[in-house]
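Each value in this text was obtained by applying a stated rule to the coordinates, not by laboratory testing. The structure displayed is predicted, hence computed values, not measured ones. Quick reminder, even Gly has a Cβ in these numbers, built from the backbone with ideal geometry, and neighbours come from all protein chains shown.
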Amino acid sequence: MLAQDTKSPAAPQTNRLGLLETVRQTLSLDPNIHLQQREVEASRGRALEASGAFDIRLTSQLDRSLERQGIRVSALDFTHQVAHLTSYRAGVSKLLRTGVEVTPSLKIIQREERGALIPPENQSEVSFQIRVPLARGFGSKVTTAQERASKIILEVSRLDLRHIVATRVLQTVRAYWAYLSATRRLEILTLSEQRAQELLDKTQALVDANEVPAAELLQLKANLADKTANRIAGQQTLIEARHQLGIAIGIPLERMTVLPSPGDEFPSAAAPPVRDEDSSERFIGEALARRSDLASVRLREDAERIRLLAARNRLKPQIDLIVRGGYAGINAGSRTRDYLSVLGENVEGMTVFGGLSFDFPPANREARGQFLQQEALWQQQGILLADLQRKIQSGVIVAMQQLRHRAEELKKSEEAIAQYMTAVQNEQAKRQLGLATLINVLEMEDRLIGASLGNLSAQEQFAIGLAQLRFETGTLVTGEEPGEVITLQQLITVPPVAKPPGTQ
């Protein structure tokens, strides 16, 4: 699986980890993807096994035996006769997809009596048998049910792989943005701590110069301790985010601790991510057409319906028409030529046989039990299909609304930062004029930090919302093979939705 690069809104820095590179590593390392790939291979094997029922089967058998038999010579005398029997049997059987079974076969037997004056006797039998099911097992829909169901399940496993790839890519994107957010959060908290330390140092100098009262140092020391505690918590958050990203990628533990810093920036929300004219119906239609997990459940329902047909057929009695024809030959001789030529010598005519076989347990509890189980499995898939469609439709609407609200939240948080920066400057100027206290300045700076952290959270959630909408609409991964082509634009933009016919 490959990931295809496109122009990034912010080129990754040297020795930094880009979003696309992170996803590429996930596609090659994630154990969940590898497990499902093995399941695809297992399904391919099961499909091949089911097709094996229609393979040609060759059988042969060569026997050599010694036969001792008592023979009455007179009223009181008996003797023993010893004979060597050599037999060869060969046959071919083929089950047709209509349910008819064809079985040609031949048998050659040579009987050689020890001490006899006559040459060995050779007998042959060539036959051709056809078994036609008249009730149970007739017709390609019934006979090939398991084969067709297995092929459908193979396609189901491929669709499940595609869905797992999309799920793991979404998980990695989430973890990447959380890692970037934790990195930026620690930077903000570190700068805040540095600002508190500088303010404490400056005030300490003023106190030493008897220009401000020493009481202000308590407030500043408390402020520094609070900022240091927040920075320590930010460091722990970054450690957790780094490990969560490493787990999402699938890298070993030793690589998690040295994972490079993120190199991409959060996507911009300058333009409305979801326009008013982009109706939810169009996005829902895209999701119902593209979601691989939904297609998987649809195919599972088809497979269970096929198996239900076969289970219903097993409720019928087994009635078979058997037609067999053939001929027999006989000759004498011990040469190899005599042994083989018996197939065509002294043939008197064709032997024809016809009959019916009947097999049916009156209670038939095994077949009835299998039918009830299969009917329940088919009904379960129908329930799952309806439930998944409902969840997908809801998920698309929620993702759309969430993206709209995150964009609005991001815009307002940026406005809040700009206004708080001005407010901090104003409070600092007022303090110099004696119109504001140190508490006023610290409180306004705390609000600026809170706004910065809120803006950072809004950027993270907006970036995740873009990937979430892609996932909900089934447009996060593309290509013939799951994840074969993934571009950066697929990870950071709103999915394109086809316009209804007749619109511009």
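Brief remarks on what is shown
- Sorted fewest first by neighbouring Cβ atoms within 10 angstrom, D201, D302, D226, D30 come out as D201, D226, D302, D30.
- The charge dipole of the chain, taken about its Cα centre with unit charges on the Cβ of Lys, Arg, Asp and Glu (plus for the first two, minus for the last two), comes to roughly 1720 debye.
- Shape metrics for the range 326-441, restricted to C-alpha atoms - Rg then Dmax, Å: 45.9, 134
- For the range 331-372, a Kirkwood radius taken over Cα pairs fed into Stokes-Einstein (10 °C, viscosity 1.306 mPa s) yields D = 103 µm²/s.
- Cα point-scatterer Debye curve for the range 120-193, base-10 log of I(q)/I(0) at q = 0.20, 0.25, 0.26 Å⁻¹: -0.95, -1.08, -1.10
- Sorted into 20 angstrom bins from 0, the C-alpha pair distances of the chain split as 16, 29, 22, 16, 10, 5, 2, 0 percent.
- Angle in degrees between helix 292-313 and the longest Cα principal axis of the chain, rounded to the nearest 10: 20 degrees
- At q = 0.32 Å⁻¹ the log10 of I(q)/I(0) for the range 165-213 amounts to -1.00, computed by Debye summation with a single uniform scatterer per C-alpha, solvent ignored.
- Radius of gyration and maximum dimension Dmax of the range 114-253, Cα, Å: 40.6, 143
- The chain - percent relative contact order, Cα under 8 Å, separation 6 or more: 22 percent
- Straight-distance crosslink candidates among lysines, where the alpha carbon sits under 21 Å from K221 and sequence neighbours closer than 8 are dropped: K202
- Rounded tilt (10° steps) of 145-208 against the dominant C-alpha axis of the chain: 20 degrees
- Within the shell of other residues whose beta carbon sits under 14 angstrom from the beta carbon of S341, the net charge comes to -1, with Lys and Arg scored +1 and Asp and Glu -1.
- On a per residue basis, the convex hull of the C-alpha atoms belonging to the range 359-412 measures out at 62 Å³.
- Across the range 247-336, the fraction of Cα-Cα pairs farther apart than 18 Å, rounded to a whole number, is 81%.
- A straight line joining the Cα centroids of the range 292-341 and the range 205-279 runs 70 Å.
- Surface/4 estimate of mean projected area, convex hull on alpha-carbon atoms of the range 12-65, nm²: 8.1 nm²
- Proxy reagent accessibility, fewest Cβ within 10 Å first, across V156, V258: V258, V156
- Column: log10 I(q)/I(0), Debye, Cα scatterers of the range 369-504, q = 0.09, 0.11 Å⁻¹: -0.53, -0.67
- For T26, the shell of other residues with beta-carbons less than 12 Å away shows a net charge of +1, using +1 for Lys and Arg and -1 for Asp and Glu.
- Distance from the range 420-447 to the range 90-106 (C-alpha centre basis), Å: 95 Å
- Helix axis angle, 215-249 relative to the chain longest principal axis, alpha carbon, degrees: 20 degrees
- Put simply, the C-alpha atoms of the range 404-483 give a gyration tensor, and the ellipsoid matching it has half-axes of 43, 9, 7 Å, longest first.
- Helical content alone sets the calculated 222 nm signal of the chain at -20000 deg cm²/dmol, taking -39,500 (n - 2.57) per DSSP H segment of four or more residues and averaging over every residue.
- Calculated on the Cα set of the range 74-188, radius of gyration then Dmax: 35.2, 121 Å.
- Annotation: amide H of A436 within the under-5 Å range of R431, sequence separation 5 or more or interchain, hydrogens built in the peptide plane.
- Overall Cα dimensions of the range 195-265, principal axis frame, Å, largest first: 60, 21, 20
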